[in-house]
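In what follows, a structure is listed as structure tokens, so that the remarks can point back to it.
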Amino acid sequence: MAGKLMANTAHLSLFILRLDRIRAPLWLLGLTFFTIVVPIAFSEMYGSQQERDVMAQTMVNPAMTAMVGPGDLENYTLGAMTAHQMLLMTAVVVGLMSILLVSRHTRADEEEGRLEMIRSLPTGRLSYLNSAFIVITGICAVLALINGFGLYALGFESMDLEGSLLYGAALGAAGLFFAGVTAVFAQLTETSRGTVGYSIALLLMAYLIRAITDVTDESLSWLSPLGWVTKAEVYSANNWMPIVLMIVVSALLYALANYLNAIRDLESGFLPSKPGRRYASRFLQSPLGLALRLQKTGTIAWAIGMYVLGASYGSILGDLESFFSNNEMMKQLLQTKEGLTLTEQFIPMLMIVISLMATVPPVMAMNKLCGEEKKERIIHLLGRAVSRTELLGSYLGIAVINGFLMISLAAFGLWSAGTAAIEEGLSFGMIYGAALSYYPAMLVVISAAVSLIGYFPKLTSLIWLYVFYSFVVLYFGSLFRFSDWIGNLSPFGHVPQAPVEEFSIMPLIVLSIISVALSLLGFIGFNKRDIEN
């Protein structure tokens, strides 16, 4: 019986591997490159232990603990510094990789009808799901090995073989865990959109829970799988137990996904969609209403997540002020401005993270049009009295409003929680103004997605590389001491760092003009090119 359920699993694994022959190597190369290059950069910038100890002093504050997790700051060797500042963030990206790859070969293939064709061949009921498991497990194993041995091959004294292998194992285990999570959601939901949405929501929730518990009560961070990554204490205590625990839970999630897949009908889910109204409203009969309805659930989920993200950072600002007031070294290192509290001067660093996170949902909303085109759905709209300009404009309007909503909610969450945490409170105008100053940069990224849809619809995924690039050069720019022109290649690099820097309206006007120009180019291209079918 088991043989029939798993028939031709090996052949299907080779088939999936062939489908991912470009995606998987790109993920592996990108993750490995950033893993290997960081300790090399650290060794050049912080060559002596004294310099690393100074850096450790800047990390001893609640905000940095919430961002990158706890670390061995008493013995801040090159290896400990690398693990502290890079391991958690890289594990989040690995989790995202697993979510996208697994959802593509589970619910997405089932939704498109490809799985039904595969099951018509001499394959088992569980063959395709387990083929996806085999491939993602192999990818995570390769990622763990090349990163582990790659770090050890650098030859740094503090980066021994056990610690390096544990570093790689932590990344691989994070990938396996979120692969299992995605596979379970693929059985629970009826759409690939729901699978990806719920999986990413759990990934963000795991990060937020770890951030809050690491600051308040570190023992509670066991509630988050990402907390298990930091508890490995790579290049310090080298604790393998959390990673083994993550692998065991991943195996249980794999088993649960197999069980759920075996007892459900094809193209169904355990969380079925609610029946719609018998008659559509006039608003729903418009392209704007339909696009908004398709994205309603994801927008609400992201809105809640952005508010929680802002509130989680705001809740630690009280401790941050106390830390700065008692740390003379931080007072010297922090850029100062008369009339601002030390906490307010730390706001620009938080705004960079918040604004980049707030850029993700509007770009997803914009790229939704390309996804609908690939599924041959928009031709049914364009076959009626709907122009291409109206269709593209509907999605662009939703993305623009989405971006404004996300950055506003994050700013409101930061202000509300920060006001409660700090006795003298925070200025809402200062917080909201600092957040909105990033809105033109968000519009540039959204408009770049419009241009790709207009001319290169098959390359719309490249916009995510640009967002990732912006994150790297802005978040790690001061750490790696990048030249100014590298940061200026991102629209976020031109935003005044309010409230520390003097506010200037001109860069925001220029960014707005660029966004309008890119959008117009996208509309021209979309109206001229062929629709994919």
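The values are calculated or read from the model by the stated rules, or taken from the named source; none is laboratory data. Quick caveat: nothing in here was measured; it's all calculated off a predicted structure. Note that each Cβ is placed from the backbone with ideal geometry, even for glycine, and that neighbours are counted across all protein chains shown. The protein model used for the area step is the full one, side chains on, heavy atoms only, and it has no ligands, DNA or RNA in it. Shrake-Rupley method; radii C 1.70, N 1.55, O 1.52, S 1.80 Å.
Residues that are β-branched (Val, Ile, Thr) and surrounded by fewer than 15 Cβ atoms within 10 Å (Cβ to Cβ): does the range 39-55 have at least one?
There is at least one residue in the range 39-55 that is β-branched (Val, Ile, Thr) and surrounded by fewer than 15 Cβ atoms within 10 Å (Cβ to Cβ).
When you look at Gly418, is it at negative phi, of a type outside the set (A, V, I, L, M, F, W, C), assigned to a helix (DSSP H, G or I) and open to solvent by less than 10 Å² (accessible area, probe 1.4 Å), yes or no?
Answer is yes for this residue.
Tell me, which residue of the range 56-71 that is part of a helix (DSSP H, G or I) and of a type in the set (S, T, N, Q) is most open to solvent (accessible area, probe 1.4 Å)?
So the residue we want is Gln57.
Would you pick out the residues in the range 328-348 that are at pLDDT 75 or above and surrounded by fewer than 17 Cβ atoms within 10 Å (Cβ to Cβ)?
Those that are at pLDDT 75 or above and surrounded by fewer than 17 Cβ atoms within 10 Å (Cβ to Cβ): none in the range 328-348.
Identify the residue in the range 13-38 that is open to solvent by less than 20 Å² (accessible area, probe 1.4 Å) and within 19 Å of Leu100 (Cα to Cα) and, among all such residues, is farthest from the chain's Cα centre (by Cα).
Ser13
Of everything in the range 276-325, what is under 13 Å from Gly413 (Cα atoms), at pLDDT below 80 and buried (at least 21 other Cβ atoms within 10 Å of the Cβ)? Give them in sequence order.
Tyr313, Gly314, Ser315, Ile316, Leu317
Filter the range 191-211 down to the residues that are assigned to a helix (DSSP H, G or I) and polar (S, T, N, Q) and list them by number.
Ser192, Thr195, Ser199
Cβ contacts < 6 Å: first residue under 17 Å from Met97 (Cβ atoms), restricted to the range 192-214; second residue of a type in the set (S, T, N, Q) and outside any helix (DSSP H, G or I), any location; separation 6+ or different chain. Result?
Pairs found: Thr195/Thr189; Ala206/Ser224.
Quickly run through the range 262-302 and pick out the residues that are farther than 16 Å from Val363 by Cα, free of Cβ contacts under 8 Å to residues at least 12 places away in the same chain and under 30 Å from the mean Cα position of the chain (by Cα).
Lys274, Gly289, Arg293 - these are the residues of the range 262-302 that are farther than 16 Å from Val363 by Cα, free of Cβ contacts under 8 Å to residues at least 12 places away in the same chain and under 30 Å from the mean Cα position of the chain (by Cα).
Are there any pairs with C-beta distances below 7 angstrom linking a residue in the range 376-400 that is at negative phi to a residue that is of a type in the set (Lys, Arg), with the two at least 6 apart or on different chains, and if so which?
What qualifies is Leu382/Arg388; Tyr395/Lys368.
Just to verify a result, which residue in the range 430-463, among those that are aromatic (Phe, Trp, Tyr) and in a helix (DSSP H, G or I), is most open to solvent (accessible area, probe 1.4 Å)?
Looking at the filtered set, the residue picked out is Tyr455.
Can you report the number of residues in the range 468-491 which are in a helix (DSSP H, G or I), open to solvent by less than 20 Å² (accessible area, probe 1.4 Å) and at pLDDT below 90?
Residues in the range 468-491 being in a helix (DSSP H, G or I), open to solvent by less than 20 Å² (accessible area, probe 1.4 Å) and at pLDDT below 90: 6 in total.
Name the helices (runs of 4 or more DSSP H) wholly within the range 77-186 that hold at least 2 residues that are crowded, with 20+ Cβ neighbours inside 10 Å and either over 20 Å from the mean Cα position of the chain (by Cα) or among the small types (Gly, Ala, Ser) (or both)?
Once the helices (runs of 4 or more DSSP H) in the range 77-186 are filtered for at least 2 residues that are crowded, with 20+ Cβ neighbours inside 10 Å and either over 20 Å from the mean Cα position of the chain (by Cα) or among the small types (Gly, Ala, Ser) (or both), what remains is 78-82, 88-104, 107-111, 127-153.
Kindly provide the set of residues from the range 209-231 that are open to solvent by 20 Å² or more (accessible area, probe 1.4 Å) and farther than 19 Å from Gln85 by Cβ, ordered by number.
Once the filter is applied, which keeps residues that are open to solvent by 20 Å² or more (accessible area, probe 1.4 Å) and farther than 19 Å from Gln85 by Cβ, the range 209-231 yields Ile209, Ile212, Thr216, Asp217, Ser219, Leu220, Trp222, Leu223.
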